[in-house]
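Chemist: Questions regarding the structure given below will be posed in turn.
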Amino acid sequence: MKLATLRANRPDGQLVVVSNDLTRCVSAGRIAPTLQAALDDWQRLSPELSALSAQLDKGEIAGQPFEPTTALAPLPRAYQWIDGAGYMSHLERVRSLKGSRDAELQSVRPLIYQGGSDSLSAATDPIVIPEDDLALDFEVELAAIIGPVPMRPSRDQASAAIRLITVCNDVSLRRLVADDLQNGFGFFHSKPSTSFAPVVVTPDALGDRWRDNKLHLPIRVEVNGTLYGQPNAGVDVHFDFVDLIIEAARTRQLTAGTIIGSGTIANHHDSTLPIKEDGIGFGCIAEARTAEKVKFGKARTPFLKPGDSVRIAAIGTGNRSVFGDIRQTVVALSPRP
């Protein structure tokens, strides 16, 4: 089934079930008012949500048009947002950036960090930057929303805890990374609000596209309407979601509603921008700039600036967006009155 959170007169919005083709939705309020409420009682409530989903897809209930612009992030605020590093090729490309360290390139145990989760952005929210010269970058990732996980879980326990999958944009301010890592306790100012696709999907609804705890679909990103990258999320995965969950729960239990990020999706290749329709490209600007430095001696691709737009989508059968699109425009913070 597919779920979303519509804007309402409360911070956590209103839970709806979305049709498989993303055109219609129906309120799930009689089952659970919010997605967090559904996650808190998942074993009992998910069969009821699934039954409602089947009714909607069969046309037994009409529902209403689903408009992604009316959706919040699926979890507008979450108990925890933990981002990992599942794709080694991403780390290999960006470790030369200022502030990065070779010692952080770990292949035995995944890197993770705890991000801000009190205010997660909707798919169509603008990316607001407080200053012009912060080297604004997007990072294309998958996100898994999980149920409760005990400390030191088994692989089976970690896998069974995965409730929902979606795509996210882990926005980065590259100019602030070095200061965060060298003068603080880790990523903070360099990692503003993460944005999420409007729809989350249960693993079973993804069919054979979800296997081995990986999503086997290309994730397409466009910048200002031009193809930038389309790496396959199921290729070159060094640490899958189970690996990331186990690492996150190494010293603590995780609660229902925790969001785990896959890290920037990256496939091994030697090409640089611009890419062709059958190319792979990159899931963030920093990777492209690193590749350009190697090939041309200097970076050519600029970071994002006000007025630029980014579109991110997981592409399924028939070129359809599986989770709905992330469509964001960069805007400058309005000056104080």
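Chemist: Could you grab the pairs with beta carbons closer than 6 Å, sequence gap of 6+ or different chains, first residue in region 13-38 and more than 18 Å from Glu67 (Cα to Cα), second one part of a helix (DSSP H, G or I) and open to solvent by 20 Å² or more (accessible area, probe 1.4 Å)?
Modeler: What qualifies is Ile31/Glu48.
Chemist: Contact list please: Cβ distance under 8 Å, first residue in region 155-168 and within 15 Å of Gln43 (Cα to Cα) and at pLDDT 95 or above, second residue of a type in the set (Phe, Trp, Tyr) and surrounded by fewer than 21 Cβ atoms within 10 Å (Cβ to Cβ), pairs at least six apart or on different chains.
Modeler: Here the result reads Arg163/Trp42, each pair linking region 155-168 to a residue that is of a type in the set (Phe, Trp, Tyr) and surrounded by fewer than 21 Cβ atoms within 10 Å (Cβ to Cβ).
Chemist: Please verify whether Val167 is within 19 Å of the chain's Cα centre (by Cα) and of a type outside the set (Gly, Ala, Ser), treating the condition exactly as stated.
Modeler: yes
Chemist: OK, next. Within region 255-275, track down each residue that is farther than 22 Å from Ala85 by Cβ and without any contact (Cβ under 8 Å) to a residue 40 or more places away in the chain.
Modeler: Ser271, Thr272
Okay, residues lined up against (1) surrounded by 24 or more Cβ atoms within 10 Å (Cβ to Cβ); (2) closer than 30 Å to Leu72 by Cβ; (3) under 16 Å from the mean Cα position of the chain (by Cα); (4) not charged (D, E, K, R):
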| position | (1), (2), (3), (4) |
| --- | --- |
| Phe241 | yes, yes, yes, yes |
| Leu244 | yes, yes, yes, yes |
| Arg252 | no, yes, no, no |
| His269 | no, no, no, yes |
| Thr272 | no, no, no, yes |
| Gly307 | no, yes, no, yes |
| Arg311 | no, yes, yes, no |
| Asn319 | no, yes, no, yes |
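Chemist: A follow-up question, please. So, in region 53-69, exactly how many residues are in a helix (DSSP H, G or I) and surrounded by fewer than 19 Cβ atoms within 10 Å (Cβ to Cβ)?
Modeler: Total satisfying the criteria: 5.
Okay, residues lined up against (1) aromatic (Phe, Trp, Tyr); (2) in a strand (DSSP E or B):
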position	(1), (2)
Thr166	no, yes
Lys191	no, no
Tyr228	yes, yes
His238	no, no
Leu244	no, no
Ala256	no, no
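Chemist: On to the next question. Pro126: modelled with pLDDT under 95 and open to solvent by 10 Å² or more (accessible area, probe 1.4 Å), yes or no?
Modeler: No: the conditions fail for Pro126.
Chemist: Filter region 1-52 down to the residues that are in a loop (DSSP other than H, G, I, E, B), touching a helix residue (DSSP H, G or I) at 6+ places or on another chain (Cβ under 7 Å) and open to solvent by 40 Å² or more (accessible area, probe 1.4 Å) and list them by number.
Modeler: Result: Arg7, Asp12, Asn20.
The values are calculated or read from the model by the stated rules, or taken from the named source; none is laboratory data. Here the structure is a predicted model, which is why all the values come from computation and not from measurement. No Cβ is skipped: glycine too gets one built from the backbone with ideal geometry, and neighbour counts run over all protein chains shown. Accessible surface is based on the protein model in full, side chains and every heavy atom, while ligands, DNA and RNA are left aside. Shrake-Rupley method; radii C 1.70, N 1.55, O 1.52, S 1.80 Å.
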